Amino acid sequence: MTARIGVITFPGSLDDRDAQRAVRVAGAEPVALWHGSHDLEGVDAVILPGGFSYGDYLRAGAIAAHAPIMAEVAAASAKGMPVLGICNGFQMLVEAHLLPGGLIRNAHQQFIRRDQKLRVENASTAWTNAFTVGEEIVIPLKNADGGYIADDETLRRIEGEGLVAFRYLGVNPNGSLNDIAGITNEHGNVLGLMPHPEHAVEPGFGPATPAAMRSGIDGLRFFQSAVSALVGQAA
Amino acid sequence: MPTIVVDVMPKAELLDPQGKAVTGSLARLGHGAFQNVRIGKRIELTVEGEVTDEVLAEAKTIADEILSNGVIEDVVNIGVVE
C-alpha cells in the first residue's frame, strides 16, 4: 500500500509544491488539497506547508487556522492522523490550538534565512521516528515570525512531557524560548516546526555539508518517518 | 454607522520586537523622553443598525477567539464609536 499524504494549499502558500515533491521522494503519493474544501480525500496524513497564508494578515497563520478544511484536520488529528506543520503551517497549528504556545515576530525584527543546525529531542513521533535522540541535523530555516513562546506553566509541561521535538543548535535564530524549533502534541502525531525539511530532500538542492555543496538531505527522514508510521499502522 | 473598536496589544510580559525597534530609533533620533514603545493593533468592526448587547457579546467572542491570540496578546479594550 502506498501511503497518501495530503498537502493543503492556502492562498499565499509558497512551499506546497516542495512539500508534495518531498512526499513523492520519500515514496508516498502526494495529494493536493484545497483550504476552502471540507474534504481530506481519504488521505493518511496531512502537511500544512510554509508560506504566508492569507497574507499573514491579523497574525501569521491566524486566518488559515479557521479555514474550512482545518475543521477536518482537527477532527482527523484527534483520531491520530499524522499532521505536520512547517513554518506557516506551525503557526496555523498553534493558532488552531492543535499545539501549545504561540509564535511571535523574530526577536531581531528581521526575516532570516539560513541553513540551521538542530538537535533531535524526540524521535518517537510520526514525523521523527527515523531520527535518533541527540542527533544533529541541518535543514534550511526562513521566517519572520519564528519566535516560540509559551507561558511558564505550559513551558514546564511541554519540557516535562518531552514534547519539545527539535532545538536550535549553535544559533538561536529568532529568540525562541528554550531554543525550541519544533514541538509535538501528547500523542506524537502532530508536529510543528519552523525550519523547512521539504527543502532538504534531494542532493543538489539542500544545505551544504562538509562532503559537498547542497548535498544535505536531512529533511527526507521527516517524510520517511511518516511513511513508515503509516505502513506500520496498516500492517 | 456604529463601529465597534477592538484594541489588541502584545502581552505586557512578552518581548514586543516591533516596539523595541521603534524605541531604539526614537533614542537615536534624540527623542530620549520616550523610554518604551509597545505596538498593538486597532480593529474596527462596522455594524449595520444599532449595537445591541447581543452584537457586542458576539464582538467580544470574536475578539477573544479570532482577532487576538490569548497566548501572545491581550484584548485591552472593546468600545463603540458612532
Need at least 3 residues that are surrounded by fewer than 22 Cβ atoms within 10 Å (Cβ to Cβ) and within 14 Å of chain B (Cβ to nearest Cβ) per element, so show me which strands (runs of 3 or more DSSP E) inside the range A:15-100 make the cut, counting only ones lying wholly within it. none
Just a yes or no: is a residue in the range A:3-12 in a helix (DSSP H, G or I) and of a type in the set (Gly, Ala, Ser)? no
Can you name the residue in the range B:1-56 that is more than 13 Å from chain A (Cβ to nearest Cβ) and of a type in the set (Gly, Ala, Ser) and is also nearest to residue A:144 (Cα to Cα) among such residues? B:27
Condition set assigned to a loop (DSSP other than H, G, I, E, B) and under 15 Å from the mean Cα position of the chain (by Cα), scope the range A:110-123, selection surrounded by the fewest Cβ atoms within 10 Å (Cβ to Cβ): answer is A:123
Selection count where residues are of a type in the set (S, T, N, Q) and under 19 Å from residue A:74 (Cβ atoms), scope the range A:1-53: 4
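Each row is one residue, and each column tells you yes or no for (1) closer than 22 Å to residue B:69 by Cβ; (2) of a type in the set (Val, Ile, Thr); (3) out of contact with any Pro (no Cβ under 8 Å at 6 or more places or on another chain).
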{"site": "A:149", "(1), (2), (3)": "yes, yes, yes"}
{"site": "A:159", "(1), (2), (3)": "yes, no, yes"}
{"site": "A:169", "(1), (2), (3)": "no, no, yes"}
{"site": "A:182", "(1), (2), (3)": "yes, no, no"}
{"site": "A:186", "(1), (2), (3)": "yes, no, yes"}
{"site": "A:189", "(1), (2), (3)": "no, no, no"}
Which members of the range A:127-149 meet the condition of being within 14 Å of chain B (Cβ to nearest Cβ) and out of contact with any Lys or Arg (no Cβ under 7 Å at 6 or more places or on another chain)? A:143, A:146, A:148, A:149
Residue check, residue A:5 within 22 Å of residue A:195 (Cα to Cα), in contact with a Leu (Cβ under 6 Å, 6 or more places away or on another chain) and away from every other protein chain (no Cβ under 14 Å): no
Count - residues of the range A:150-179 that are touching an Asp or Glu at 6+ places or on another chain (Cβ under 9 Å) and away from chain B (no Cβ under 12 Å): 11
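No lab work stands behind these numbers, since they all come straight from the coordinates. Computed from a predicted model, the values in this text were never measured in an experiment. With ideal geometry, Cβ positions are generated from the backbone for all residues, glycine too; neighbour counts draw on all protein chains shown.
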